[in-house]
Structures are given as structure tokens and as C-alpha cells.
Amino acid sequence: MNHPGRPSRHCMAFGAELADGGAVRFRLWAPAHPRIELELELELELDGAGQRPDRPRRLALQPEHGGWHGLTAAAVRAGARYRFVLPDGTRVPDPASRFQPQDVHGPSEVIDPLAYHWSDAGWRGRPWHETVLYELHIGAFTAAGTFTAAIERLEYLVTLGVTAIELMPVADFPGRRDWGYDGAFPFAPDSSYGRPEDLKALIDAAHAHGLMVLLDVVYNHFGPEGNYLPLYAPQFFTERHRTPWGAAVNFDGEGSATVREFFIQNALYWLIEYHLDGLRFDAVHAIIDTSAQHLLEQLGQRLRDQPLARVVHLVLENEHNQACWLERDVDGQPTLYDGQWNDDLHHVLHVAASGESEGYYGDYHDDGTALARALAQGFAFQGQTMSYRGRARGQPSAQLPPAAFVAFIQNHDQIGNRAFGERLSCLASPEALWAVTALYLLLPQVPLLFMGEEWHSGRPFQFFCDFGAQLADSVRHGRRAEFERFAAFRDSAARARIPDPCAESSFLDSKLDWEKLAEPAHAAALRWYTELLAVRRHHIAPLLPTMRHGGDYHLLGPGAVSVQWRTTLGAVLTAAVNLRAEPTTGFTEPPGRLLWQQGLAIDHATLAAWSVRFSLRW
């Protein structure tokens, strides 16, 4: 069992592992080559005669069964830098590198996981029903943009009412700035944020503040720069399946057993070696697997079976709306995954607040059914045809508890994938913004805030990266071409105004404006968020373990709905919602105690424009 508070190491077949007696075991899966060498950059101590030992800088790895190559090298210590050398002389980093101090093309560094001594011996995590997620990008969260700098804001997050930080991916990416979804080394925290021990210190400090830490991981593709795997392990990818990033990761063909294990070990590594409280799996709909046992099932089972001294939460992003991954057992506990980012809920609330209807937003302009389903049952599309995609989408989800869904009105995708990265506070009226915010924060789904949302930051969150020149040109042109189908960008001059994702300014402009907290309007927004989260903490969160399935809804028209959720203890939570610019009647008298009223109730049956009312009856 992994014991928090003690040094933690995850042992695996991949990469460099410190062995007893001052040696390191190196292993590489390179089935494309019969011979692999290890190149070491050693800082060797002087021997007793004052001479440096005469040792070769290159050592031959020994071929092993199944395309593996391995070697235990003596007199190698933590801090040593190394590469693998292919038969043609190409030098490549370790795909399971724990740290890349000189970025994706540089040598890997041997890391001693036991060098960091944890102080979280008493930490056991927090239950899922208490979760209030706060998504942040390490580079843009603070002026310094480091793991260490983020520690300074933990007390602020606790005061706000957050219980869990969700870090955008930190796996090593090319250059000094990136969203993180272009990572090439899944085991290595990016050096622009700090060293591995700095990330551990952030997690350790978060636990001391009572905060969970979840990490976003990407198993559906590798970034386009720094991925050397095709040179020595082409079986890592397959042309039989295609993804938005090209050839798919091979999860179901020849050699896929090793590929699957690579990612399963990566998930275990983050949970064990870094004491993380959970993982968010990016775009699992792009994990194409026709095996008898899908990777998501195998991965979920392996992680659930791992003995850990704290509760761990597993979250999906899944455009396919597959309820099967979110099922609960007879005790109401998740069998595989705790929850899924609920894009449907975002879309209905965004459409209501902003009035936008282009692209997939058009499918959420309806008679109100999409809003009602998303609020009461999680998924708006549960097998119905989605016009934008031209096919059916989703599975029935009413049988799932509300806590199986993660609710938000903003996140990195929904802001950053806009041409200018505008936040919802720049797109919606104050009344509309306040209404949808109160609704999602008190909804019995698990809420997720995006950094700066809580004080209505006006800073954009733009798409940014730092690729080499040739790839940068491709990304720059591709980014602008994405918006050609939108009316506002059909003119080339309009597209030229879209920020250059490769420019440093796009990153700097996305950094949070913490100084704005001193201004009255932003301070008031922060107080309002804090009050809402206090209501959630005291009245909504305790109900979630006893809500075993979705709610019942009564549709009053587009943007207007009443929803009731029942608990196994007999309590009934009711939301009366009017996300329209005019009053709506037909609501019933609020049953029980009024928890929150956003906007006005003209009378018990009529809500004014942009009004949300939550009440609780025992």
C-alpha cells in the first residue's frame, strides 16, 4: 500500500529506475531495432587516486524478449542525464522520462522519487459529493507561472469554497508555453513549471489546506513535436484508426498490450508517486479500441483495484455521452468513473445566456427540452440525432445520480476555442450571467469553476503554444482556417485579427489579472461566488450521496423549467428556472425552505426574467 507521508515510488517496466547499491536500471521498448545503446552524461566522483574512473559514455543495452532492451548501469545516480541511441546514431529521450530539464529534444534526467519527503501522512482525501473543482493552468494562474507560485494562492481557494484543484496537463510539451494537450512525455512534469519535487510540494501543500488535486492526462494522442516513438516503436500507433491528430494510438492491434500498459502505468504513477487525488481523462471518445475489453474498462478497474490510503476520483471528458462508464453499484458507488464533464449542460446555459446559435450551439435552441434534460438527467442528448453531427449521440442517463456529471459554464475549451478567447462575462448581460452561475453552482451536479471566473476576470484565455518555426506556421494558419465557417470570420481580414497562438503575447494576455480583485465590482463578484458556494456546502452537497438517480422536470417553455430531485431519505430539492428575458408563469409555490433566490419572484407562480430559485423540503 502507498502510505502518504512517506517517500513514494512507483516501480514499472518502463524508463529509468534507481536500484540498490548506486545503480540505475534502464529499459526501453524498441521492437523496430535489434540493438539500442544508452548514452550517459555522468558527473562521476574522483576515485581514491584523484582520477576519474575510465568508463564509456555509451553502453549497449541487452535485447530482451518482446522488443525490450535493458541494462542496469553501475555508478549512476539521480541527476544523471541520458538518452537512448538508435542504430543509425539518432539520440532519443526516454519516452517514460520522469523529467526533461532541456525540453522535449534534450536528454532525460534520472529522478529519485524517494528524495521528496511528504508531509501528508494524515490525508485521506475527500468524498466526491464534497467536490468543488477549480480548473487552472499552471503557467497562466500566476505571474510567475510555476508550481511553487501556485502554492501562494491555496488559502484563497479554500476561502472561496473550492475543495479540489484540477490542473490542466503538465506533461512535458515543446517550448515554454502550451495548454498542455501537446505533451510528448506523459511521465515528466514540464520544466517551465518547475522540477518534479516542486509539483509534489504543490500537492503536499494543497493537502495541508484540505484541497484535493486532480490532474488532466491525455491518452488519446501525443503532441506533434518531440514524439520520437515512431522511430523505434512504430507499433505505438496504427493507421487502421484515424483521429483529429492523425494515426491513432494503437490500443487494439499487434503490440497493443505494451501500449495499453504504458498508459495504465502512467495513471498509476501519477496517483502513487505524486499522491494525486484523481485524474481527468481528456477526450476519451478519441481513444479508439475494438478489443474485447476497452481500455477505459481495463484502466478503471486497475486504478480502482490499486490499494491507496486515500479516496481517488476518476473523471472523463467524453463527447459520445456514454452513460455506461458512469454506472454505480448497489451502494451508489462508482464502479469505474466518478463523473464526466457535462458539455451538454454548458451548451444549454451558454446558449441561454449569450444567444449564440452557430455551430453545435444550434442544436441547443429548442423548446426547452435540452435544458430540462441537462439539468434533471445530465445528458441533453441521450440517443437523439444531433443535426450538427448528423448522427445519434448519447445514451440514456436518467438512471445516473446527478453527481455523475460535472457542471460548468466556462472551462479552458469553451473559452480558449473561441477566436479571441472571450469569457462568458464578456458575452452575456450581468443578469443572464448571474442566473446561469447561481444555477450551475447550486445544481446537484459537481461544479467546476475556471480560474478567474469567480471575480469575473475580463482577461481572455487564448489558445497558445510554442512550436518550432515550421510547425508554428502550420498551427497559425490552421487556427485561423478553423473559423472560416463562422459568419464573423468569412472575410480574410477578420481572420487575420485572430490572435497568433504562437506569439508570446497570446500567452501573456491569458495570465490572470489578480490585481483586479481590489476593484469593487470584482470584489463583489468574488463575495457572491463565496456565498453561493457556502450555500452549496451546507445544503446541497450533503444531499448528493442520497440522490441515486436523475430528477423529474416540468417544462414551461424555452428557457423555463422546474426540476425536482428526490433523495433516499425523503428530502426533495426543487429548482425553478427562468432563463428568458421576460417573466414566465406556471411555477408552483416553492416547497419547503428557500435556499437561494436569484432574480425576482413576481409571485409564487411567476418568475421575473433571468431568475433561479432553489428550495428544499424535508
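Since every read-out is calculated from the coordinates, none of them should be taken as a lab result. If you're wondering where the values come from, they're calculated on a predicted model, not measured in any experiment. Counting neighbours? That spans all protein chains shown, and the Cβs are built from the backbone with ideal geometry, glycine included.
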*Give me His604, His313 ranked fewest to most by other Cβ atoms within 10 Å of their Cβ, as a rough exposure proxy.*
His604, His313
_I'd like the antiparallel share, as a percent to the nearest 5, of DSSP beta bridges with both residues in the chain._
70 percent
*Quickly work out the Arg240-to-Ala524 label distance, labels modelled 7 Å from Cα along the C-beta direction, and quote it in nm with one decimal.*
6.1 nm
*asked:* Give me the dipole magnitude in Debye, nearest 20, for the range 374-466 about the Cα centre, with unit charges on the beta carbon: positive for Lys and Arg, negative for Asp and Glu.
replied: 380 debye
*Can you give me the relative contact order of the chain as a percent, contacts being Cα pairs under 8 Å and 6 or more apart?*
11 percent
*How many percent of DSSP beta bridges within the range 73-221 run antiparallel, rounded to 5?*
45 percent
_Amide H within-cut-off set for Leu316, under 5 Å, with H built and near neighbours excluded_ = Phe281, Gly339, Gln340, Trp341
*Please label the shape of the range 181-331 as rounded, prolate or oblate, based on the square roots a ≥ b ≥ c of the eigenvalues of the alpha-carbon gyration tensor (a/c under 1.5 means rounded; beyond that, a/b larger than b/c means prolate, else oblate).*
oblate
*asked:* Calculate the FRET efficiency for Ile602 and Glu531 from the Cβ-Cβ distance with a Förster distance of 30 Å, rounded to the nearest 0.05.
replied: 0.80
*Ordered by packing density, taken as the mean number of other Cβ atoms within 10 Å over each peptide's residues, highest first, how do 436-442, 363-369, 246-252 rank?*
436-442, 246-252, 363-369
*Is the range 15-115 rounded, prolate or oblate when judged by the Cα gyration tensor, a ≥ b ≥ c being the square roots of its eigenvalues, rounded requiring a/c under 1.5 and prolate requiring a/b larger than b/c?*
prolate
*Kindly rank 547-558, 341-352 from highest to lowest mean number of other beta carbons found within 10 Å of each residue.*
341-352, 547-558
*Take the alpha carbon atoms of the range 363-390, find their center, do the same for the range 465-493, and report the distance between the two centers in whole angstrom.*
31 Å
*asked:* Can you compute 3J(HN,Hα) from phi for each residue in the range 381-388, using the Karplus curve 6.51 cos²θ - 1.76 cosθ + 1.60 with θ = phi - 60°, rounded to whole Hz and x for Gly and Pro?
replied: 9, 10, x, 6, 6, 9, 4, 4
*Can you give me the Cα centroid spacing of the range 174-194 and the range 586-612 in angstrom?*
48 Å
*Based on DSSP H runs of at least 4 residues, each adding -39500 (n - 2.57), what is the mean residue ellipticity at 222 nm of the chain after dividing by all its residues, to the nearest 500 deg cm²/dmol?*
-6500 deg cm²/dmol
_For Ser611, Ser505, Ser8, which order do you get if you count the other beta carbons within 10 Å of each Cβ and list the fewest first?_
Ser505, Ser8, Ser611
*Round to the nearest 0.05 the FRET efficiency obtained for Glu254 and Arg304 when R0 = 30 Å and r is the Cβ-Cβ distance.*
0.60
_Principal axis extents for the range 547-617, Cα atoms only, whole Å, descending order, please._
36, 22, 16
_Cα centroid of the range 427-457 to Cα centroid of the range 259-293, whole Å_ = 30 Å
*Asp367 to Ala74: FRET efficiency via 1/(1 + (r/R0)^6), r the Cβ-Cβ distance, R0 60 Å, to the nearest 0.05?*
0.25
*What is the spin-label model distance, in nm, from His65 to Glu582 if the labels are put 7 Å beyond Cα along the C-beta direction?*
7.6 nm
_Given (i) 27.3, 92; (ii) 25.4, 93; (iii) 25.3, 87, the label whose value is Rg and Dmax of the Cα atoms in Å derived from this model_ = (ii)
*With each label point set 7 Å from Cα along the Cα-Cβ vector, what nm distance links Glu152 and Glu504?*
2.0 nm
